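Working notes, beginning with the structure itself.
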Amino acid sequence: MKRWKVVLLAGGLGTRLRPLTDNVPKCLIPIVGRPLLDYWFTALDRAGIRDVLINTHHLRSQVSEFIQHKNEQGWSVVESWEPELLGSAGTIHANRDWCQDAEHCLIIYADNLSTVELSPFLAFHESHSEPFSMMLFRTENPTACGIATLDNDERIIDFVEKPSQPTSNLANGGLYAVTTDAWREIADMNAFDLGFDVLPRFVGRMKGWEFGGLHLDIGSHTNLERANREFQG
């Protein structure tokens, strides 16, 4: 497999999870007794990816301690401190050179909990010539998600963030694989949000990979309760 690096977007405030997130950063909220972020490290370990960048903001010191612990375990984890949140695309802009010594880069919204195995997704990305791949899942609430439309070749030919009149329920899973050139292209856009500002500019140049397992945004108490009830990770 070609060399991969990853950025875990983990700086969110978790306002809908208050009061839990008054004292614990959203990315470290425990799910079945383990920090949310730790499940992504397990998935990365299974895929053989050890070079990780994590952006931090809210309750930074706790995430910094988590990073230190991972480095002591043999990982190579870099912290990107954001005194003011830069947005998902802004984090990439601030770390333009992060992927310069890799062939591909993985971008993960770390506030999702997923049973996805990363290796098949990485293999899918390496199997085609487009610069961008997006993991997709079926959602029951398409107006709250980014919605993609695919052609017969799995190419994303339309993408709308939180559409008022969604054309499907095939939703953005917040898991992307990009070439190094695409990473630099995103960084040079100097944009704020991947969903609104970046993804529409890759329509026609990215492919979608559908995942059918458990994939939850741990952004609400309802989903947190569901995760603790259903997740067997």
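The values are calculated or read from the model by the stated rules, or taken from the named source; none is laboratory data. The model shown is predicted, which means the values in this text are computed figures rather than measured ones. Methodologically, a virtual Cβ is constructed for each residue, glycine included, from the backbone with ideal geometry; neighbour enumeration extends over all protein chains shown. All accessible areas refer to the heavy atoms of the entire protein, side chains included, with ligands and DNA or RNA removed. Shrake-Rupley method; radii C 1.70, N 1.55, O 1.52, S 1.80 Å.
Summary table below
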{"read-out": "The stretch 70-138 versus the stretch 1-68: alpha-carbon centroid distance in Å", "value": "12 Å"}
{"read-out": "Solvent accessible area, Å² - Asp38, 1.4 Å probe, full protein context", "value": "30 Å²"}
{"read-out": "Solvent-accessible area per residue for the stretch 185-228 (1.4 angstrom probe, square angstrom)", "value": "45 Å²"}
{"read-out": "Partnerless cysteines, meaning none of the other Cys C-beta atoms lie under 4.7 Å away, in the chain", "value": "Cys27, Cys145"}
{"read-out": "For the chain: relative contact order, % (alpha-carbon pairs under 8 angstrom, 6 or more apart)", "value": "25 percent"}
{"read-out": "Using distinct alpha-carbon pairs, which all enter the 1/r mean, Kirkwood radius of the chain in Å", "value": "17.8 Å"}
{"read-out": "Of all accessible heavy-atom area on the stretch 100-233, the percent that carbon and sulfur account for (1.4 Å)", "value": "44 percent"}
{"read-out": "Theoretical ellipticity at 222 nm over the chain - DSSP helices of four or more residues, -39500 (n - 2.57) apiece, nearest 500", "value": "-8000 deg cm²/dmol"}
{"read-out": "Local net charge near Ala43, Cβ-Cβ under 14 Å (Lys/Arg +1, Asp/Glu -1)", "value": "+1"}
{"read-out": "Around Gly204: net Lys/Arg minus Asp/Glu count, Cβ-Cβ under 13 Å", "value": "-1"}
